[in-house]
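Down below is the structure, laid out as structure tokens.
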Amino acid sequence: MPDYSQTAGLYLKLMKLKAQSLKELYEKDFYLWVLENLKLLKNKEFEFVDWENLLEEIEDMAKRHYESVISYMAVIMEHLYKWEKFRENECMGSHWKKSINTARMQIADLFDDNPSLRRVAQEKESLNKAWKRAVRRLVLWFDEDENKNLAEKYFGRPPTEENFPKDCPYTFEQVMEYKPWLEEIRESTETPQP
């Protein structure tokens, strides 16, 4: 009668060796690691899959999409706030408008591919996270040489994060749709001419 314990022991050693090789491959050649794990999954060889790193990568994929939405919302908030509070003349801000429109398009594309992100982006926590990033960007913007005079005019010195609202002043709908430049056009056409 054959000794199955030896065969089983050898099989376990091979499984451990293959799993260890995949873990090493993760560090050395990520692309090949992905292909190898994909092949194992397609072949239903689940015992060989590098589950630890695979689960981490799946979680990171979700975070990357979420972080992209937060980043685009921060850009929109920063430029909306600049337009509303610090726009000095009609020539100022055309690139802010372009940036807002581009970021909105990028977010819409992400929502098309990942509809559940829309719900998460609307949450107060997400809006405040994006606003915090927008405030950091505003502080840096005022620190640039060409904006120091604006910092002096509006704050009397370079502003800090404390000089801006703590909570996000925008709703999700405003982030995605508000166009202050249209409000200005409406106001200028409604103003009675002498």
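Start at zero, step by 10 Å, and the Cα-Cα distances of the chain spread as 8, 24, 21, 16, 12, 9, 5, 3, 1, 0, 0 percent across the bins.
Projecting the Cα atoms of ALA108, GLN122, ALA134 onto the dipole axis of the chain, where Lys and Arg carry +1 and Asp and Glu carry -1 at the beta carbon, places GLN122 farthest toward the positive end. Taking each of LYS23/LYS129; LYS148/LYS179; LYS39/LYS132; LYS23/LYS166 in turn, the alpha-carbon distance tops 32 angstrom for LYS23/LYS129; LYS39/LYS132; LYS23/LYS166. Taking the C-alpha atoms only, the angle from helix 51-86 to the longest principal axis of the chain is near 0 degrees. Across segment 93-168, the convex hull enclosing all Cα atoms gives 91 Å³ per residue.
With every protein chain present, what is the per residue accessible area of the chain (1.4 Å probe, Å²)?
Values: 13100 Å² over 194 residues.
Heavy-atom accessible area per residue stands at 68 Å².
Ordered by 1.4 Å accessible area with all protein chains kept, ARG64, ARG157 run largest first as ARG64, ARG157. Of the residues SER21, ASN149, ALA62, the one whose Cα sits farthest towards the positive end of the charge dipole of the chain is SER21 (charges of +1 on Lys and Arg Cβ, -1 on Asp and Glu Cβ, taken about the Cα centre).
Given an 8 Å cut-off on Cα distances and at least 6 residues of separation, report the relative contact order of the chain as a percent. Intermediate values should be presented prior to the final figure.
Values: 121 pairs, mean separation 35.2, N = 194.
In percent, rounded to a whole number, it is 18.
Under Stokes-Einstein, with the Kirkwood radius over Cα pairs standing in for Rh, what whole-number D in µm²/s applies to segment 17-104 at 10 °C and 1.306 mPa s? Answer from the Stokes-Einstein relation: 97 µm²/s.
The values are calculated or read from the model by the stated rules, or taken from the named source; none is laboratory data. Computed from a predicted structure; not experimentally measured. All Cβ positions, even for glycine, are placed from backbone atoms using ideal geometry, and neighbour counts span all protein chains on display. To get the accessible areas, we keep the full protein, side chains included, count just its heavy atoms, and leave off ligands, DNA and RNA. Shrake-Rupley method; radii C 1.70, N 1.55, O 1.52, S 1.80 Å.
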